[in-house]
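**Student:** One structure, pasted below without further comment.
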Amino acid sequence: MSKVQLTIDGKSVEAESGQTILEVAQATSVDIPILCHHPALSEWGACRMCLVQVEGMRGLQTACTCPVTDGMKVSTETEEIANIRKFILELLFSERNHYCMYCQMSGDCELQDLAYRYGLDHWTYPRPFERMEIDASRKYFIMDHNRCILCTRCIRACSEVAANHTLNLRERGADSMIMADLNVPFGESTCIECGTCLQVCPTGALIDARSAYGGREKDVEHTQTTCMQCSVGCQLDVVTRYSRLLRVDGVWDAAPSNGLLCVDGRFKPLYDKRQRVTQPLVRKDNKLVETSWEEALKVVAGKLKDSKPQGLALAGTTNEALAAFVKLFEKAGGEAGRLEPLAPELDYGEPAQLKDILESDYIIVAGAAPLEYQRVVGYFIKRMADKGVPVALIGETVEGLQTQATLVLSYEEAGKAAEAAMSAKHPVIVYSVGLKAAAIEALKSLGDKARILALDPAHNSNGAQNAGLKPMAVNGADTLYFLLGEQSEDEALVAQLNGQFTIVQASYKSPLVERADVVLPTPLWYEREGHITNVEGQTLPLNAVLPMPASVRDDAEVLKVLKELI
Amino acid sequence: MIRARVLISGDPLSLSRGAEKTKLAIEAEISYYGLEDEIQVSYLTHADRTDILPIVMIYPEGVTYGPVTPEDGAYIVQEHLYKGRVIEHLFAPPEVLTGDIAHIPGRKGATYAQKRIVLRRAGVINPLDIEDYITHDGYFALAKALEEMQPEEVLETVKASKLQGRGGAGFPTGLKWSFVVQQPGEKYVVCNADESEPGTFKDRLILEGDPHALLEAMALAGYAIGAHEGWIYIRGEYALAKERLNKAIQQAKELNLLGDHILGSDFSFDIHVHAGAGAYICGEETALLESLEGKRGIPRIRPPYPTVAGFRGKPTVVNNVETLANIPPIIQNGADWFRSMGTERSPGTKVYTMLGDVNITGLVETPMGTTLREIINIYGGGMKDGKAFKCAQTGGASGSIIPPELLDVPMDFASMAESGAALGSGALLIAGEDTCIVDLAYVLLRFFKAESCGKCTPCRIGTAQMLEALERLRMGYGTQVDLDRLEEIAHYTKEASFCGLGQAAPVPIITGLRYFREEFEAHTRGECPTGVCPCSVKQKVKH
Ligand SMILES: Cc1cc2nc3c(=O)[nH]c(=O)nc-3n(C[C@H](O)[C@H](O)[C@H](O)COP(=O)(O)O)c2cc1C
Ligand code: SF4
Ligand code: SF4
Ligand code: SF4
Ligand code: SF4
């Protein structure tokens, strides 16, 4: 990349060749208005808001697409340009219904902001618009075509970021409309409700069902934290108002997923209907009754001291809690382990980050179902498949990627994938617990050039691994201590219990909680402080978005207190 | 031994007027007289006037009859072919006997010969017969290039010929090719045969009448730029042309004029035909490429231009049918020969499709630089019913309105542009004094509103708003406010649109206002000077 020198509105600036005028302007605080441009998406160049004048070039140029060159002279706000922008806004306001006072986006709308900026205080063009349908067939968000400006950000987000290709345009010209698949209701379409389209929509056309009318940007608070719904650890921007969760957005400039979330991270936790445990409980007269923390901890400490305990964790809590769990059992003299199985370790390859998938030229998915369990990894793989990168699937458990796959193989045939990937420069192997020894051996020939991403089922598998927790089943201990956090235990687990004294540290009511002798409530994902270590091995922070109820205590703290008590 | 040949026009218009029945009648009559072995009957594409179809031509005499009913056909066999007597009263009117179409001594000179390069074989040969094409100099240029010329020489010849693209923009063809040659890797030749500009049907007649000429030209282009595959993107409605192209490709492959190692050389070239699905925007080259790749037909961001990243992201030459049809004669006869025709800046000929208020509508090929006045008076046979000329629109729907003052501008790309007009695709709409300019603009804008792809804001909504304003003026509800608004929208839509469609859609309004402002203003008072618009009807009712 060579440097170029140009002037923008008379100011001399230095830039990298290959940058667009818009990028350079933004870096130098020149505010060129945009509507269809979005930094996470490919350029579209169609709203025409960012037209600028470049000396010596015929006609006006779209700043979002025009690369800078040395000696270029750019004017971003001539009278003609301001008139054109006003004209474009007038057209957009005449096309469909933009009576802002009824719109949930009013105040936060990019179109409305620009209308203020260019002084649109009334409509001048006739508004022959027809009333259009509103599609509320999807659970989490609504499409109101009346507010849509056809910027196609949603289409590009769906195709390029989520790699799901649900959205497109139908008809043409003034009849153009956003549609799902071949024009079916959104709720009946191939949409996977990742919400990426919702997040990029500049207007009130895509409406979040939960946060609509719940507060404008100036009223709300934002907290960044890490998603705890799977082991990927996407960064979340959690929006709250009056101590209420409004909405979750992705964070564009934060690894591992750079803005992309899945339905499990963005929507589902806000609609969690499970009943929460909010008070410590102890079993008295064969009934669980509320008690104080002092009493509950005394009972637990007594049991840990006086009997042979075993600790079993679902690795869905913080590194701090998992470490304290291990320490507690070291002191109590019992075994501690994790309940989820562990993906086999490979003695070759380099550990991969998610971004390595985006730079790969061959992808092998072995014994893993990322589209189901670590969805964002699945979307990353689909993105690459769209670009023509070959994807080989190995093993029977693989689901959902078949349409993208160039090879579908059994474990015995794994050698074929290794062979096909041999000439690749940056092959990536994504695997999980299902991976069989024969395949491990067969893929070894890819050697150290392969990047390896192990997708453990445990949400904080690497945290558990670092703490020293190994997969373990119920042994013959008298006292069982389950650390569940927010997760639900395996149903088969309850059936294995057999008269042992059972302690459960959990957030939600569940069969195991019902069966327990002592229950210690833990905070929810948005109340937690601490860290997790994601699939890439990166340690990511959890920040409390809202305070936890006074009767709930952080599991790490509780475990530390227990250690002192025994 | 064939002693005579009967050609019956087989273009869609002729077929719709019963050409097939006429052909059957002629064939039946020939077999009645037992002349099957002596007389060959076939279709040809009639490449000329549309008012005398279907026509029947008989060679070697070169007599043209038209229009010919099935009964006439049987009578022609009896009288002309069996008894040897020419039937005077069935002759096509003399105007049709122009240029290379028919060589009847005594009739020549009574008409004005056109200069035909592109259309020289259309209507003369049987388009379904490759041998016929070859006997008319066909594939000579390709053979010459493969045997005697290096690819660079072919490119240099095209450059030196100064041939400009006939698809509308007049971009120098040789220059375009040289951009592609500079690029590394695989390359493609794409022929733009989408021809959806209203009033333009020149490409169709080349495709229907001389399909091999296009194939030969594409192979030459492929040879020059180093491509091995070509695609013809043909307008979906051109079923006959598509059929003939496919047939021609098959024939050319059989004779190794396409395919691997053409004529034993190292050069291999294959051609595919892809039909569009009825979108004007797919004639715009980047939308065409999107459509060819199976995507929604919408224009791409440029740069990169197709010459750098075109079909499947590879460097691609996109050329119009007429542009390509000029290539074989240029290679065969040399750049100097080509430059001896037309004007200094725009050599060669141009094919026009003339419509509207002239006596003879149809196809004309004349040297570049012929004036509109000449075309109307000589080839169009003057204005219809003695009407006065009001204006013309050149270049199809998106062309400019030409007032009487510009009738004597030489029609070539540069001169037209200098006088504030555009040559465009070659459609010539000639409007007489009884045409209302507001009504004309309204009809054109209806087309653009329907054909806008909807990608960009100004064109998608601007065309709808301009149509709305024109509708108000036409109906007599319009005021000065509507007219001002119309002018404003037209100006900004032209300035701000993404592609040529939106940039050109306001041109009829802008140029119409430039020359006929009073007429627009009259409509703001509810008056339509020509009495065409609905507002004039209302006015009459009012009085
Ligand atoms: C809206 C629009 C429609 C067009 N339609 C056609 C067409 O039907 N045929 C054509 O040859 N060129 C058409 N063009 C021009 C092409 O984009 C392109 O310039 C041309 O194919 C280049 O070929 P040439 O250099 O041989 O003229 C159109 C352009 C625009 C903007
Ligand atoms: S989408 Fe924006 S401009 Fe349209 S009504 Fe809503 S707030 Fe107003
Ligand atoms: S929610 Fe995701 S999958 Fe569904 S349409 Fe939006 S981007 Fe596409
Ligand atoms: S729904 Fe939103 S993002 Fe999609 S085109 Fe309409 S305005 Fe743009
Ligand atoms: S100018 Fe019209 S046809 Fe061209 S991109 Fe814009 S909307 Fe589509």
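The values are calculated or read from the model by the stated rules, or taken from the named source; none is laboratory data. Treat the numbers as computed from the prediction; the structure is a model and nothing was measured. No Cβ is skipped: glycine too gets one built from the backbone with ideal geometry, and neighbour counts run over all protein chains shown. All accessible areas refer to the heavy atoms of the entire protein, side chains included, with ligands and DNA or RNA removed. Shrake-Rupley method; radii C 1.70, N 1.55, O 1.52, S 1.80 Å.
**Student:** Report, in deg cm²/dmol and to the nearest 500, the calculated mean residue ellipticity at 222 nm for chain A, where each DSSP H run with n ≥ 4 adds -39500 (n - 2.57) and the sum is divided by the residue count.
**Tutor:** Numbers: 17 runs with 138 residues, N = 566.
The helix contribution divided over chain A gives -6500 deg cm²/dmol.
**Student:** What accessible area, in Å² to the nearest ten, does a 1.4 Å probe give for A:Arg244?
**Tutor:** For A:Arg244, the solvent-accessible surface is approximately 110 Å².
**Student:** How long is the gain from A:Lys308 to A:Asp113 if the chain were fully straight, where each residue apart is worth 0.36 nm and the alpha carbon distance is subtracted? Provide the component values of the computation, followed by the final result.
**Tutor:** Working: separation 195, 0.36 × 195 = 70.20 nm, distance 6.58 nm.
Full extension from A:Lys308 to A:Asp113 adds 63.6 nm.
**Student:** I need the P(r) histogram for the stretch A:457-518: all alpha carbon pairs, bin width 5 Å from 0 out to the longest distance, whole percents.
**Tutor:** Reading the bins upward from 0: 4, 16, 27, 26, 19, 9, 0.
**Student:** Here is a further query. What does DSSP give for the protein assembly as shown in terms of the percent of beta bridges that are antiparallel, rounded to the nearest 5?
**Tutor:** Numbers: 70 of 137 bridges.
Taking every DSSP beta bridge within the protein assembly as shown, about 50 percent pair in antiparallel fashion.
**Student:** Sort A:Arg138, A:Arg515 by accessible area with a 1.4 Å probe, largest first. Working shown, then result.
**Tutor:** On the way: A:Arg138 15, A:Arg515 70 Å².
Solvent-accessible surface, decreasing: A:Arg515, A:Arg138.
**Student:** Once each part is reduced to its C-alpha centroid, what is the distance from the stretch A:401-419 to the stretch B:3-33 in angstrom?
**Tutor:** 62 Å
**Student:** How large is the accessible surface of B:Glu79 in square angstrom, using a 1.4 angstrom probe and rounding to the nearest 10?
**Tutor:** 20 Å²
**Student:** Please check which bits of the stretch A:90-120 a label hung off A:Ile134 would reach, taking the label as a point 7 Å along Cα-to-C-beta and the cut-off as backbone N under 18 Å.
**Tutor:** Answer for the stretch A:90-120: A:96-109.
**Student:** Angle between the Cα long axis of helix A:293-306 and the longest principal axis of chain A, 0 to 90 degrees, nearest 10?
**Tutor:** 50 degrees
**Student:** Obtain the nm distance between the two label points defined at B:Glu433 and B:Asp266 by a simple spin-label model: each point lies 7 Å from its Cα along the Cα-to-C-beta direction.
**Tutor:** Simple spin-label model gives 6.8 nm for this pair.
**Student:** Here's another thing I want to ask about it. How high is the FRET efficiency from A:Met101 to B:Val481, r the C-beta distance, R0 30 Å, rounded to 0.05? Numbers along the way, then the final one.
**Tutor:** Numbers: r = 27 Å, r/R0 = 0.89.
Plugging the Cβ-Cβ distance into 1/(1 + (r/R0)^6) gives 0.65.
**Student:** So, one more: Over the stretch A:3-77, what is the relative contact order in percent, taking alpha-carbon pairs closer than 8 angstrom and at least six residues apart? Could the numbers behind the result be given before it?
**Tutor:** Details: 139 pairs, mean separation 31.4, N = 75.
Answer for the stretch A:3-77 is 42 percent.
**Student:** So if R0 is 30 Å, what FRET efficiency would A:Asn466 and A:Lys387 give, r being the distance between their Cβ atoms, rounded to the nearest 0.05?
**Tutor:** Details: r = 35 Å, r/R0 = 1.15.
Rounded to the nearest 0.05, the efficiency is 0.30.
**Student:** Over all residues in A:82-95, what is the mean tally of Cβ atoms on other chains that come within 10 Å of each residue's Cβ?
**Tutor:** Details: counts 0, 5, 6, 2, 1, 11, 8, 1, 6, 12, 3, 1, 4, 5.
The mean count of partner-chain Cβ atoms within 10 Å per residue comes to 5.
**Student:** Which cross-chain or sequence-distant (5 or more) residues have an amide H under 5 Å from the amide H of A:Ile532, H modelled 1.01 Å from N in plane?
**Tutor:** Those qualifying (amide H under 5 Å, at least 5 residues apart or on another chain) are A:Asn319, A:Leu540, A:Leu542.
**Student:** Once you place label points 7 Å from the Cα toward the Cβ at B:Phe171 and A:Asp219, how far apart are they in nm?
**Tutor:** Output for this residue pair reads 5.3 nm.
**Student:** I need to check one value: relative contact order of chain B, counting alpha carbon pairs closer than 8 Å and at least 6 residues apart, in percent. Don't skip to the end; give the middle numbers.
**Tutor:** Working: 1137 pairs, mean separation 63.8, N = 543.
Computed value for chain B: 12 percent relative contact order.
**Student:** Moving to a separate point now. Let me have the relative contact order for the stretch B:4-96, percent, based on Cα pairs under 8 Å that are six or more residues apart.
**Tutor:** Details: 150 pairs, mean separation 32.9, N = 93.
This gives 35 percent for the stretch B:4-96.
**Student:** Starting from the 7 Å offset along Cα-to-Cβ, what nm value, one decimal, do you get for the label separation of A:Ala27 and B:Glu471?
**Tutor:** Using points 7 Å along Cα→Cβ, the separation is 4.8 nm.
**Student:** State the Cα centre-to-centre distance between the stretch B:169-228 and the stretch A:21-78 in whole Å.
**Tutor:** What the calculation gives is 33 Å, centre to centre.
**Student:** Related question: Counting only heavy atoms of protein chains, what accessible area per residue, in Å², does the protein assembly as shown have with a probe of 1.4 Å?
**Tutor:** Numbers: 43310 Å² over 1109 residues.
Spelled out: the 1.4 Å probe surface of the protein assembly as shown, per residue, equals 39 Å².
**Student:** Average partner chain C-beta neighbours within 10 Å, per residue of A:176-183? Please report the intermediate quantities before stating the final value.
**Tutor:** Numbers: counts 6, 1, 0, 0, 0, 0, 0, 0.
For this peptide, the per-residue mean of nearby foreign Cβ atoms is 1.
**Student:** Now a separate question. Using a 10 Å cut-off on Cβ to Cβ distances, tally the other chain neighbours for every residue of B:496-502 and report the average as a whole number.
**Tutor:** For peptide B:496-502, the averaged partner shielding equals 4.
**Student:** Any idea what angle helix A:375-386 forms with the longest principal axis of chain A, computed on alpha-carbon atoms, 0 to 90 degrees, nearest 10?
**Tutor:** Orientation of helix A:375-386: about 40 degrees from the principal axis.
**Student:** Taking each full run of DSSP H in chain B as one helix, which ones are at least 18 Å long along their axis (Cα atoms) and have mean Kyte-Doolittle hydropathy of at least -0.5?
**Tutor:** Span-like helices here: B:19-32, B:211-225, B:437-451, B:457-475, B:507-524.
**Student:** What is the helix-to-structure angle for A:555-565, meaning the angle in degrees between its Cα long axis and the longest Cα principal axis of chain A, kept from 0 to 90 and rounded to the nearest 10?
**Tutor:** Between helix and principal axis, roughly 30 degrees.
**Student:** Next question, about the same structure. With each run of n ≥ 4 DSSP H residues scored as -39500 (n - 2.57), what mean residue ellipticity at 222 nm is computed for chain B after dividing by its residue count and rounding to the nearest 500 deg cm²/dmol? Let's see the in-between values first.
**Tutor:** Values: 21 runs with 215 residues, N = 543.
Helix-only estimate at 222 nm: -11500 deg cm²/dmol.
**Student:** Provide Rg and Dmax in Å for chain B, with only Cα atoms included in the calculation.
**Tutor:** Reported Rg and Dmax, both Å: 24.3, 81.
**Student:** Here is a further query. Summarise the long-distance tail of P(r) for the protein assembly as shown by giving the % of C-alpha pairs beyond 50 Å.
**Tutor:** Working: 257975 of 614386 pairs.
So the pairs more than 50 Å apart make up 42 percent of the total in the protein assembly as shown.
**Student:** Just how far, in whole angstrom, is the stretch B:476-536 from the stretch A:212-282 if you go by their alpha carbon centroids?
**Tutor:** Going from one Cα centre to the other spans 54 Å.
**Student:** Extension gain A:Arg274-A:Glu43, at 0.36 nm per residue separation less the Cα-Cα distance, in nm?
**Tutor:** Values: separation 231, 0.36 × 231 = 83.16 nm, distance 4.27 nm.
Extra length available between A:Arg274 and A:Glu43 comes to 78.9 nm.
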